[in-house]
Amino acid sequence: MIIAVNTRMLLEDRMEGIARFNYEILKRIVQNNPGDQFYFFFDRPFSKKFIFGENVIPKVLFPPTRHPVLLTFWLEFRLNKELKKLKPDLFFSGDTYIPLNSDIPTVIVSHDLAYLHHDNHQRFFDRNYYKFFFKKFHNNAQKIIAVSEYTKNDIINKYNIPASKIQVVYNAGNGHFYPVDIQTKQKIKNKLTGGNPYFVYLGSIHPRKNLVNLIKAFNIFKTKNNNNFKLVIIGRPAWKTKDFFKTLNSSPYKKDIITKQINRAELPEYIGSAEAMFYVSLFEGFGIPILEGFEAGIPVVTSNISSMPEVAKDAALLVDPYSPDSIADAMLQIMSDANLHTSLVNKGNKRLKDFSWDVSAEKTYDIFKKIV
């Protein structure tokens, strides 16, 4: 097969959820199928680590898609022109975005329809781009890969697309995180929190991640219980961060809240040394950090809405993300109940085995073969 791929999301040091799916799936498909030819289309200079084999031909099509107008131009003119010349057997877009005027058989990955649930969480131009194009992308694709049953049902209900057109292919753990020993935990705590225990959040900073309520919950937790816990927020500011910083700066426990960006190589020790991972997002199509917490061997607290209960099942403590009191109660439980702590770690380790990038890559490649 000749397979063309939208790889514009593969960016060095920016490997968040959507990019991680693309990276893990494409790496395996390319290396497991040396007889196929792959054309990777980037929108800016790329890292060589994204060229997974000799059967990959990379192409850079400018301009970089930093604005919806530039993205539309890149898809409909630059990329579509290349596809017409190349005439591949299949076009695969792991980030949902496709040229609408192409007649190449197309498979897309749909990660979430968050814009339909929280349209005020997007920037103005992004929000309007999603409203105009996203349904068209889903309708024009021959096959849709959804990253969870929740996302599949959302597509069916919101876009009236038949279930037969959609197949669920899960994300998996990255294999990057691991439990750390007592000595390492103490070293990290000495370095990060003056030797004190801490809860951790890992992910980007924007409204959907619900960090405002996480900080409010931490305020309640500290007020109710005289303790030495810290809250560590690890991630880059993304967009609409004004409320986050306002809440952070007005917290009476601001000195106990640490915000950091940590390079990927160091992350495992920082996550593994936490007392628990708090990932209480308002909406997720999947939620890879839940699995990262399982990998790190720490308890995970996550939201009881959208896809997160599907991913976590009984291996995480579920809370109401709209209620700071509910989140604070989980903090108190984690701090005071050693049996709960141990139980969640054991269940997380077991649940982690239900997800595999190898299996997901095989499912994705089977879809390619059926389409072609």
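Restricting to segment 220-258, give me the number of residues that are part of a helix (DSSP H, G or I) and β-branched (V, I, T).
Qualifying residue count for the region: 3.
Name the one entry in K350, K370 that is surrounded by fewer than 16 Cβ atoms within 10 Å (Cβ to Cβ) and either touching a strand residue (DSSP E or B) at 6+ places or on another chain (Cβ under 9 Å) or among the hydroxyl-bearing types (S, T, Y) (or both).
None of the other options fit; the residue is K370.
Would you kindly identify the strands (runs of 3 or more DSSP E) lying entirely within segment 268-372 that contain at least 3 residues that are more than 18 Å from G175 (Cα to Cα), outside the structural domain of P105 (by TED's automatic domain parsing) and touching a Lys or Arg at 6+ places or on another chain (Cβ under 9 Å)?
Correct list: empty, since no element meets the threshold.
Could you list, in sequence order, the residues of segment 17-54 that are surrounded by fewer than 16 Cβ atoms within 10 Å (Cβ to Cβ) and under 25 Å from Q261 (Cα atoms)?
R44, P45, S47, K48, K49
How many residues are part of a helix (DSSP H, G or I) and surrounded by 19 or more Cβ atoms within 10 Å (Cβ to Cβ) when one looks only at segment 190-219?
12
Checking N249 against (1) surrounded by fewer than 18 Cβ atoms within 10 Å (Cβ to Cβ); (2) in contact (Cβ under 8 Å) with a residue 12 or more places away in the chain; (3) out of contact with any helix residue (DSSP H, G or I) (no Cβ under 7 Å at 6 or more places or on another chain): exactly one of these is not met. Which one?
Unmet condition: (2).
Could you check A315 against (1) crowded, with 18+ Cβ neighbours inside 10 Å; (2) under 16 Å from D112 (Cβ atoms); (3) free of Cβ contacts under 8 Å to residues at least 40 places away in the same chain and say which number it fails?
Among (1) crowded, with 18+ Cβ neighbours inside 10 Å; (2) under 16 Å from D112 (Cβ atoms); (3) free of Cβ contacts under 8 Å to residues at least 40 places away in the same chain, the lone unmet condition for A315 is (2).
Out of segment 146-175, which residues are part of a loop (DSSP other than H, G, I, E, B) and under 20 Å from the mean Cα position of the chain (by Cα)?
Within segment 146-175, V147, S148, V169, Y170, N171, A172, G173, N174, G175 meet the criteria.
How about segment 332-372: which of its residues are basic (K, R) and more than 30 Å from F92 (Cβ to Cβ)?
Within segment 332-372, K347, K350 qualify.
Would you kindly identify the strands (runs of 3 or more DSSP E) lying entirely within segment 32-145 that contain at least 2 residues that are farther than 28 Å from K158 by Cα?
It comes to 37-42, 56-60.
Determine if segment 280-292 includes at least one residue that is out of contact with any Pro (no Cβ under 8 Å at 6 or more places or on another chain) and under 17 Å from P197 (Cα atoms).
no
The values are calculated or read from the model by the stated rules, or taken from the named source; none is laboratory data. Fair warning: this is a prediction, and the values are worked out from it, not measured in the lab. Positions of Cβ are backbone-derived with ideal geometry, glycine not excepted, and every protein chain shown enters the neighbour counts.
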